[in-house]
1. Assuming Y24 fulfils every condition listed in (1) under 19 Å from I77 (Cβ atoms); (2) of a type in the set (S, T, Y); (3) surrounded by fewer than 11 Cβ atoms within 10 Å (Cβ to Cβ) apart from one, which condition is it?
2. For the stretch 41-76, which residues satisfy the criterion of being of a type outside the set (F, W, Y) and open to solvent by less than 40 Å² (accessible area, probe 1.4 Å)?
3. Would you be able to tell me the number of residues in the stretch 113-147 that are in a loop (DSSP other than H, G, I, E, B), open to solvent by less than 100 Å² (accessible area, probe 1.4 Å) and of a type in the set (D, E, K, R)?
4. If you go through the stretch 68-89 one residue at a time, how many are in a helix (DSSP H, G or I) and not basic (K, R)?
5. Scan the stretch 78-107 and report the pairs whose first residue is under 27 Å from I61 (Cα atoms) and whose second residue is outside any helix (DSSP H, G or I) and open to solvent by 50 Å² or more (accessible area, probe 1.4 Å), with Cβ atoms within less than 9 Å and a gap of 6+ or a chain change.
6. Under 30 Å from S9 (Cα atoms), hydrophobic (A, V, I, L, M, F, W, C) and in a helix (DSSP H, G or I): is that true of F65 in this structure?
Amino acid sequence: MPEAIMQKSAEDERIFEGYRRWGYLAANLDPLGFLTPIVHPELVATGEAAAAARKFYCGTIGAEFVHIDDAERRRWIAARMECDAPQPDRSYILERLIRAELFEQVLQARYLGSKRFSLEGVTAVIPLLDRVLSAAAAAGAEQVVLA
């Protein structure tokens, strides 16, 4: 478990526990603004710990995980939620997107009029697939089936 999580005072832990339990209600999950976030009474806290917990649990990602019976799994999720996200390698992602677009153009020119699947509208899945397939290969996967 990260050191930052282990060095909290009892009051900070109480605040974080409230946000772990109810923070998903106050998360900004609707980009169109039709659904307003709900502020649970346990989330009305001030101070540095409350601001940090709000940053982790009330952003654009919400996680409801306190109901999970396995305490180790809950701690694992909390540790992942309560750390700063790594910065993406933008040049690598751009290179992958450009390669996918060029491949799409080659297919369009070569198989004119043929029915095929297109990347149009789903190009954002390319970096995700690249990351998942790289992790699978690193873990020893020999075959991947996409359907």
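1. Among (1) under 19 Å from I77 (Cβ atoms); (2) of a type in the set (S, T, Y); (3) surrounded by fewer than 11 Cβ atoms within 10 Å (Cβ to Cβ), the lone unmet condition for Y24 is (3).
2. L43, A45, A49, A50, A52, A53, C58, G59, G62, A63, V66, A71
3. Looking only at the stretch 113-147, we keep the residues that are in a loop (DSSP other than H, G, I, E, B), and these are 113-124, 139-147.
Remaining after also requiring open to solvent by less than 100 Å² (accessible area, probe 1.4 Å): 113-114, 116, 118-119, 121-124, 139-141, 144.
If we keep only those that are of a type in the set (D, E, K, R) as well, we get 116.
Number satisfying all stated conditions: 1.
4. 7
5. The qualifying pairs are A78/M1; A79/M1; A79/P2; M81/I61; E82/P2; C83/P2; L97/T123; L97/A124.
6. On the way: under 30 Å from S9 (Cα atoms): yes; hydrophobic (A, V, I, L, M, F, W, C): yes; in a helix (DSSP H, G or I): no.
Against the criterion (under 30 Å from S9 (Cα atoms), hydrophobic (A, V, I, L, M, F, W, C) and in a helix (DSSP H, G or I)), F65 does not qualify.
The values are calculated or read from the model by the stated rules, or taken from the named source; none is laboratory data. What you are looking at is a predicted structure, and each value in this text was computed from that prediction instead of being measured. All Cβ positions, even for glycine, are placed from backbone atoms using ideal geometry, and neighbour counts span all protein chains on display. In case anyone asks, the SASA skips ligands and DNA or RNA and just uses the protein heavy atoms, side chains included. Shrake-Rupley method; radii C 1.70, N 1.55, O 1.52, S 1.80 Å.
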